[in-house]
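Report on the structure given below.
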Amino acid sequence: MDLGLSEQQEMLSRAAREFLEAECPTTLVRELEDSDGGYSPELWRKMADLGWLGQAFPGQYGGSDGTLIDQVALFEEIGRAILPSPILTSTVLCGQTILYGGNEDQKAALLPLISRGDTIVTLALAEADAGFDGGDISVMATADGGDYVINGTKLFVPYAHVADYLLCVARTSGADSLFLIDSKTAGVNITLLHSVAKYKQHEVALQNVRVPRTNMVGQLDQGRGPLGKAVDWATVVQCGEIVGRCQKVLDLVVDYSKVRVQFGRPIGSFQAVLHQCADLRVAVDGARLVTYQAAWKLVEGRPCSEDIAMAKAFAGSASRQATAVGHGIFAGIAFTVEHDMQLYMMRSKIQEANLGDSDFHLDNLGGYMGFPT
Amino acid sequence: MNFELTEEQKKFRSDIRSFLEEEVPPEHQAVFGVESEEDYRFGRSIQRKLADNGWLTIGWPTEYGGGPKGPIEQSIFSEAMGYGRVPRTGTTALNIVGPAVMYFGTPEQKEKYLPPIARAEAEYCQGFSEPNAGSDLGSLEFRAVRDGDENVLNGSKMFTSWAFRAQYIYLLARTDPDAPKHRGISLFIADVKTPGISFRPLPYINGSMAAQTYFDDARIPSSALIGEENRGWYHAMATLDFERSGLERYASVQRTFDDFVELCKTTKYNGKLLSENPIARHKLAKIKVGMEIWRLLCWKVAWMQSTGAVPNAEASVAFLHGTVQRLEFTQTAMEILGLYGTLMHDPKWSLMRGAIEGIHRESMHLHGAGTTEIHRNIIAQRGLGLPR
Ligand SMILES: Cc1cc2nc3c(=O)[nH]c(=O)nc-3n(C[C@H](O)[C@H](O)[C@H](O)COP(=O)(O)OP(=O)(O)OC[C@H]3O[C@@H](n4cnc5c(N)ncnc54)[C@H](O)[C@@H]3O)c2cc1C
């Protein structure tokens, strides 16, 4: 038993933290909120140079052969820095889907580009009436000669405006298939949604969008297979990002409680304050352990659906707690835009909802426990 | 990173589990604190068998009869004992008094006290709390005054669990009233038969029997002083670090939770399985997550100990979460059972032999090794460095 990170992983974390503290201060996060791209191409390039964008791809595809545990460790730091970028959708969700489902040509062509940061791919899955877990997909792909013609509207597509490809989940004969759509293709219409934290997510309307059959990822009607595996993977990564952000909120609150003086003493000496900090510490420690356990099981190839559900359910509740404690203890100042607490709070909502919120995963867990639906 | 035990450890776990499964059939399992005479004797007999197998003191250093193993094996043992719901006996002796004597005792004391503990023959109770000293234990007033080669004890101890089964009471007494409060306290082991010691029964709500203990000029030999005079507070605190994982408590609750989930899947009420109620399903899934977090937090403490680290805030993190989680579980389970939750051991109608009602009472024990508030203080002050 060894519940700690390896020395190498610790080094990676430390290096990532130092890098992000220097390169991604919250002033940059604020600037990027107001930028069109919503991420920094310069920083993106540096992340590519550090090997982050191909972290978990095999070396033959330009990756660094990292494991999911390595990736969770990195995303703790990314979460801590609330780094805005398409890294989760492009390199993790789409990257893993291509890795699991793509043919050799697709992998060899795309993965090196993704890991170099030259190509951004984003997942177009959710719709107005279908969450990420696949209510009925209404976007249709119809075979037409050597092509498919895709029609319908996708929603909540992150970074679609800067993506080179959309990895689109579309209904084919009876089930779902995956298509890589060049975002420049005629008939692709991308509209920014007005979102919390100015998050760059979009409506993507597809009107008679023609894609060659060779752009199908995985087998016809079997897109859910590789996608599901990638979603599992990405859910654990998402938990890592949440844990990192919550730890940061805890650190900020603790630091503040030591220096903010009221009634002649630091507020951290008031038990109403310190007990909230203690409770948050329990939540963050627990969320971290359950996340790494899920990562470890996935790496070891063991059944881990339950563990993933537990991780996301608990990370979600830790996240809500961090928001409540943060705003409670910083009090008035946290209600101002100039204070950073709101940055963490706004992003918490995106991360809690992404890939299923606590209730969704608790419901899944109920199923795994053998409760009838 | 590795969340798993080694093959050898797994073998140990499965050996001990099958041993306990065989030796402790359901009718002998202790779901909560009831200790009938029969349960107690049974618990002791199991411990003797465990001692014969060399398992009882597996976490002790080899020189005192322990296994050549470490905190992980100790934790595996604790977890198996909890999950097997083995009636608890001798816990204070094994986890608290034994280590204190090992670390701070004289060679004569080691010879006198340790072998009976290791053979599951000696039973101890703990006399720390007093009527006016609970969380603020350091303010205790109980006196020990040196008189020749004896110490004269006066005062009263509160919440003496096991008092009626113990041969010895392991206690803290003030030996220097003029010293700063933590520096005037000493540790003693007193024979409960010592003239001047008496007990007032203090039944607990979980069905077990404790006492308030009175000392009226009770004279014990000075050789019963453990460690240095006036260093008792520090000795006692150091000894607390021996078994910190809390896995036994976790595992016994997990077992009841597992049974309860099974019950929900097989029991109909209002024409439907309890598990078909979507609200129950959701609540139980949430409890399952909380239980898993508890398990992981306990194992983190065990793992830290296995690396030689001394968990401090981490142990409080596990303890606090566990205490809150247990209450959350039992209240939820009571809610799901509705009126059935009000049945204790009704032979005809109670479900799980009244276990949920019992563990619900047990879960009001929110303050074993410190109240939840005290654990929060420890986490915040020692773990997070917040000011006092
Ligand atoms: C089942 C059971 C078995 C026990 N067995 C034993 C035993 O064998 N031997 C033994 O010596 N003792 C035993 N105890 C006693 C136990 O150790 C005490 O109950 C515990 O230390 C708390 O003390 P108290 O109950 O006097 O509460 P108090 O200390 O009076 O606390 C009352 C309330 O005030 C709060 N409080 C106190 N101080 C602070 C603070 N600094 N900050 C915030 N809140 C605070 C507490 O959290 C609590 O909510 C047992 C108790 C129980 C319930």
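Of note, A:Ala318 satisfies the criterion of being touching a residue at least 60 places away in the same chain (Cβ under 8 Å) and either in contact with a Gly (Cβ under 8 Å, 6 or more places away or on another chain) or not assigned by TED's automatic domain parsing to the domain that holds A:Leu252 (or both). Residues that are more than 11 Å from the ligand (Cβ to nearest atom) and over 27 Å from A:Val273 (Cα atoms), at least 3 per element: which helices (runs of 4 or more DSSP H) completely within segment B:309-388 meet that? Filter on segment B:309-388 gives B:313-337, B:355-362. Look at segment B:34-60: where a residue is under 17 Å from B:Gly84 (Cβ atoms) and a partner is surrounded by fewer than 21 Cβ atoms within 10 Å (Cβ to Cβ) and among the acidic types (Asp, Glu), sitting 6+ places away or on another chain with Cβ atoms under 6 Å, you get B:Ile46/B:Glu23.
Taken residue by residue, segment B:210-228 has at least one member that is within 27 Å of the chain's Cα centre (by Cα), of a type in the set (S, T, N, Q) and more than 23 Å from B:Tyr113 (Cβ to Cβ).
Annotation note: of B:Ala280, B:Ala285, the sole residue that is under 24 Å from A:Lys312 (Cα atoms) and touching a Cys at 6+ places or on another chain (Cβ under 7 Å) is B:Ala280. In a residue-by-residue description of segment B:288-304, the property of being away from the ligand (no atom under 13 Å from the Cβ), within 15 Å of B:Ser245 (Cβ to Cβ) and touching a strand residue (DSSP E or B) at 6+ places or on another chain (Cβ under 9 Å) applies to at least one position. Residues in segment B:214-235 that are away from the ligand (no atom under 16 Å from the Cβ) and not aliphatic (A, V, I, L, M): B:Asp216, B:Asp217, B:Arg219, B:Pro221, B:Ser222, B:Ser223, B:Gly227, B:Glu228, B:Glu229, B:Asn230, B:Arg231, B:Tyr234. Of everything listed in (1) over 30 Å from A:Asp359 (Cα atoms); (2) modelled with pLDDT of 95 or more; (3) out of contact with any Cys (no Cβ under 9 Å at 6 or more places or on another chain), the single unmet condition for A:Leu110 is (3).
Looking for something within 14 Å of another protein chain (Cβ to nearest Cβ), in contact with a helix residue (DSSP H, G or I) (Cβ under 7 Å, 6 or more places away or on another chain) and surrounded by fewer than 19 Cβ atoms within 10 Å (Cβ to Cβ) - is there at least one such residue anywhere in segment B:48-70? Looking for residues that are within 14 Å of another protein chain (Cβ to nearest Cβ), in contact with a helix residue (DSSP H, G or I) (Cβ under 7 Å, 6 or more places away or on another chain) and surrounded by fewer than 19 Cβ atoms within 10 Å (Cβ to Cβ), one finds at least one in segment B:48-70, hence yes. The residues of segment B:181-213 that are away from the ligand (no atom under 14 Å from the Cβ), of a type in the set (Ser, Thr, Tyr) and more than 11 Å from B:Ala144 (Cα to Cα), listed by number, are B:Thr194, B:Ser198.
Restricting attention to segment B:295-334, the residues that are free of Cβ contacts under 8 Å to residues at least 12 places away in the same chain and surrounded by fewer than 18 Cβ atoms within 10 Å (Cβ to Cβ) add up to 3. For segment A:225-263, the set of residues classified as more than 19 Å from A:Ala324 (Cβ to Cβ), in contact with a strand residue (DSSP E or B) (Cβ under 8 Å, 6 or more places away or on another chain) and within 12 Å of chain B (Cβ to nearest Cβ) consists of A:Lys258, A:Val259, listed by residue number. Of the set (1) within 14 Å of chain A (Cβ to nearest Cβ); (2) of a type outside the set (A, V, I, L, M); (3) not in a helix (DSSP H, G or I), all apply to B:Glu8 but (3). Checked against (1) surrounded by 19 or more Cβ atoms within 10 Å (Cβ to Cβ); (2) among the acidic types (Asp, Glu); (3) at pLDDT 95 or above, B:Glu243 meets all criteria but (3). If the condition is being out of contact with any Asp or Glu (no Cβ under 9 Å at 6 or more places or on another chain) and over 25 Å from A:Ile82 (Cα atoms), then segment A:184-208 contributes A:Thr185, A:Ala186, A:Gly187, A:Val204, A:Ala205, A:Leu206, A:Gln207, A:Asn208. Kindly check whether there is at least one residue in segment B:297-307 that is more than 10 Å from every other protein chain (Cβ to nearest Cβ), in a loop (DSSP other than H, G, I, E, B), over 15 Å from B:Arg255 (Cα atoms) and at pLDDT below 95. No: zero hits.
The values are calculated or read from the model by the stated rules, or taken from the named source; none is laboratory data. Values in this document were obtained by computation on a predicted structure and should not be read as measured data. Neighbour counts run over all protein chains shown; Cβ positions are idealised from the backbone, glycine included.
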